[in-house]
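In what follows, a structure is listed as structure tokens, so that the remarks can point back to it.
Every number here is computed from the coordinates shown, using simple stated rules; none is lab data. Since we're looking at a predicted model, the values are computed, not measured.
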Amino acid sequence: MTTGKTRDEIAEAYSSEPWWYDLRGFFILTFAYNSTIGTQMRFFGPNFGPDHLEVACGTGTLLEMVLNWRRRRKLPPVKVTGIDYAPSMLAGARHRFRNNPLVELQHADAAQLPFADNRFDTANIANSIHCFPTVDGALRDILRVLKPGGTLAANVLLYPSGFAPLRWAAQKINDWGIRKGILYSPFHIEELRAKMLAAGWEIASEFTSGNTWNVVVRKPL
């Protein structure tokens, strides 16, 4: 499996202005993930408990859209703690949520979370788990900070499949992402499922959309 760079090299790769990261992310979502914003909002939106952890929140663009999606559906407000390892991305998120007292943002590594055991009700990893150089460590530490019965929702970038031109385009984007440092590695479903089970999670639900595996896992009671 071809893999990418260290966590500090990945953070450096996200040193562009937040608006450029968001624009670039839209094209990656469309042509590499082969998915849509609507699919992501419907997937991540329901997985918010009263005390929620948003892992690798980036500039907060998707998080803000998901929170707006929840408001439109009159779902209850929640307290959100967002973390990211890239300072420039976190700066964009802090600016975005500067007037929202329910969103707290911290600089942190997903594999070394600065939180107590059994603190959070839910967690999401949106468009990011395949960017972690220490996936196993992140899965174990997120499990640690969730309450028993808490759920983690994640969408996972898969090796491209499907119609040849789209598959080739997705592969080119993935290769560029690894060289750039914004992608560590795509996955096969079986590979990441095994990692989740080994970390102690239970699979609650799953479906595939384009080149992404959307999975909800639960911390055992």
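At a glance:
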{"item": "Rounded to 5, percent antiparallel among DSSP beta bridges of the range 39-147", "result": "5"}
{"item": "Relative compactness, the range 24-163, computed as alpha-carbon Rg over 2.2 N^0.38 Å", "result": "1.01"}
